[in-house]
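Since the structure comes first, as structure tokens, the remarks are kept for the end.
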Amino acid sequence: MAMPESMNDAPAFPETARPEARISRPAMIAALRRILPAERILHEDEDLRPYECDALSAYRRLPWLVVLPDTIEQVQAIAALCRRHRVPLVARGAGTGLAGGALPVEHGLILSLARFNRILDIDADNALARVQPGVTNLAISDAAREYGLYYAPDPSSQIACTIGGNVAENSGGIHCLKYGLTVHNLQALKIVTMDGELLQLGGQGLESPGYDLLALMCGSEGMLGIIVEVSVRLLPLPQRAEVVMASFDDVARAGDAVSAIIGAGIIPAGLEIMDQLALTAAEDFAAAGYPRDAAAILLCELDGTAEEVAAQMTQLEGLLRDRGAGRIRRSRDEAERQRLWAGRKAAFPAVGRLAPDYYCMDGTIPRRALARVLSGIAALSKEYGLPVANVFHAGDGNLHPLILYDANREGELARTEEFGARILELCLEVGGTITGEHGVGVEKIDQMCVQFGRAELAQFHALKAAFDGDGLLNPGKAVPTLHRCAEFGAMHVHGNRLPFPELERF
């Protein structure tokens, strides 16, 4: 997304009861120099500028300060210092997040984990990798490959996104249908609390007593603790993997094919749909061999033993023909399999060439509602006069509509955001949720008021208080205040769109 010329042009930040810092900037710099070398404390504007936003660049703010520690002890000391002086603290990975989760906060510190980039151990016997949070997703599989292992969750940005960020957002990826999200592949974490304490969650065993705090940290968006070490489960590389590309003359037919595949008891390793606008852009960008005249393509990967894949492939091709697939292309070797997936993984940057800006949404729906939601998105596209390219993890119903717009046109960003909000609310209407893997951040905080009622939000705030009583870790993100939801509910009632009478009790 394009960046506004000034903060006055940017969307309003969510209101929060941020604690007022008890220390001046020069005094904070002096205190930090007792923990870190001076060159790893950034305070000049030109040094701070790269940290003013994540990949949701319509929201931006210059950080107060940025620090780059490289030891757990330094992170502990920084957290304790911030707690003592009531300085908000935002942990940041690679900055590839799409919901504003790493957005700086006023008079707050950005703690970059970029220097935590080492793979600490590959335990092939127990199929585990122990890594620092700044290690990229793809680097884990690269390191494990010599042992015949790999890490299954694979977001499209896996070459750049870090495992710490994946945990914070509970990221998925193309292969999450069969192998699960980050939470399903996580074995242990080390986190630093806002008090500066180091906690070990999980362990080398498959079970542990007590509350499942490991799962709680997944998707917590940096609001409960600072991740300083991650242990993930590895899987054996499959003996055989093949992908089928099927073209359809209607997106709804592609969606029906997805239901038929799952209904037949086939659980693909990956199951993705791209509509005509998205596949054409991807083909122009990556030359993956996609048919430009198709209304949609479905990519379905099967993996396992050679016998298992061969048997399921015959069944799969029959199902696709029965559901109206026009052309069916099967990868002949590993190079062709990688090429077919390369287009899908390049879809986001490819669509970026179609318009000055695009807004990437992230919602999840039941598979049965796919045709209804796609029809609804098409109707909204006409209503707002903005084209949409649809790319989604069809198997688990995780949609990524990409709304094309031009931020240089007055009012178009605001109209685009309203369009996006209505897509999310459409997901809720069919029994879905407002996010699948991108998180809430600042982008979807109003829609949290739509999805959850007062009681649920109160419990979210209680959990936050248990870990971070002063509200210093990544404040203003993910969970809205009850006051904000009361105002948002009143606005919806006034606009006669979505009445939420339960919000009147806030």
* Would you mind stating whether ASP123 is without any contact (Cβ under 8 Å) to a residue 12 or more places away in the chain and either of a type in the set (Ser, Thr, Tyr) or touching a strand residue (DSSP E or B) at 6+ places or on another chain (Cβ under 9 Å) (or both)? => yes
* Positions within the stretch 315-349 being touching a strand residue (DSSP E or B) at 6+ places or on another chain (Cβ under 7 Å), among the hydrophobic types (A, V, I, L, M, F, W, C) and over 30 Å from LEU56 (Cα atoms), in sequence order -> LEU316, LEU320, ALA325, ILE328
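Across the stretch 149-170, what is the total count of residues that are in a helix (DSSP H, G or I) and touching a helix residue (DSSP H, G or I) at 6+ places or on another chain (Cβ under 7 Å)?
3
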* State all residues of the stretch 201-229 that are surrounded by fewer than 22 Cβ atoms within 10 Å (Cβ to Cβ), assigned to a helix (DSSP H, G or I) and not small (Gly, Ala, Ser); if no residue qualifies, say none. => LEU213, LEU214, LEU216
* Structure fact -> Those residues of the stretch 398-419 which are without any contact (Cβ under 8 Å) to a residue 40 or more places away in the chain and either among the basic types (Lys, Arg) or touching a Gly at 6+ places or on another chain (Cβ under 7 Å) (or both) amount to LEU399, ARG409, ARG415
* Asked: Looking at this structure, is GLY173 assigned to a loop (DSSP other than H, G, I, E, B), out of contact with any Gly (no Cβ under 7 Å at 6 or more places or on another chain) and closer than 27 Å to GLN338 by Cβ?
  -> yes
* Asked: So how many residues does the stretch 392-410 have that are hydrophobic (A, V, I, L, M, F, W, C), out of contact with any Ser or Thr (no Cβ under 8 Å at 6 or more places or on another chain) and under 19 Å from SER259 (Cβ atoms)?
  -> 2
* Asked: Right, ARG368: part of a helix (DSSP H, G or I), of a type in the set (Lys, Arg) and surrounded by fewer than 20 Cβ atoms within 10 Å (Cβ to Cβ) or not?
  -> yes
* **Failed item in (1) under 30 Å from LEU111 (Cα atoms); (2) in the same structural domain as THR305 (by TED's automatic domain parsing); (3) not aliphatic (A, V, I, L, M), with GLN204 passing the rest** => (2)
* Structure fact -> Across (1) within 18 Å of PRO268 (Cβ to Cβ); (2) buried (at least 17 other Cβ atoms within 10 Å of the Cβ), VAL351 clears everything bar (1)
* Looking at ARG353, ARG329, which is the one that is in contact with a helix residue (DSSP H, G or I) (Cβ under 9 Å, 6 or more places away or on another chain), closer than 27 Å to GLN239 by Cβ and either modelled with pLDDT under 95 or not in a helix (DSSP H, G or I) (or both)? -> ARG329
* Asked: What number goes with the only condition from (1) within 16 Å of the chain's Cα centre (by Cα); (2) over 26 Å from ILE78 (Cα atoms); (3) not in a loop (DSSP other than H, G, I, E, B) that ILE140 does not pass?
  -> (1)
* Structure fact -> Note on the stretch 436-480: residues more than 21 Å from PRO63 (Cβ to Cβ) and in contact with a Ser or Thr (Cβ under 7 Å, 6 or more places away or on another chain) are GLY436, GLU437, LYS444, GLN451, PHE467
* Examine the stretch 51-59 for a residue that is under 26 Å from the mean Cα position of the chain (by Cα), without any contact (Cβ under 8 Å) to a residue 60 or more places away in the chain, surrounded by 18 or more Cβ atoms within 10 Å (Cβ to Cβ) and farther than 30 Å from TYR151 by Cβ, and state whether such a residue exists. => yes
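Helices (runs of 4 or more DSSP H) wholly in the stretch 408-498 with at least 3 residues that are closer than 23 Å to ILE226 by Cβ and out of contact with any strand residue (DSSP E or B) (no Cβ under 6 Å at 6 or more places or on another chain) - which ones? Let's see the steps before the verdict.
Values: elements: 412-429, 445-451, 454-467, 482-494.
Per the criteria, 454-467.
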* To do: Confirm whether ASN390 is outside the structural domain of ILE261 (by TED's automatic domain parsing), under 18 Å from VAL251 (Cβ atoms), in contact (Cβ under 8 Å) with a residue 60 or more places away in the chain and not in a helix (DSSP H, G or I).
  => yes
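The values are calculated or read from the model by the stated rules, or taken from the named source; none is laboratory data. Since we're looking at a predicted model, the values are computed, not measured. When we count neighbours, we look across all protein chains shown, and the Cβ atoms used for this are built from the backbone with ideal geometry, even at glycine.
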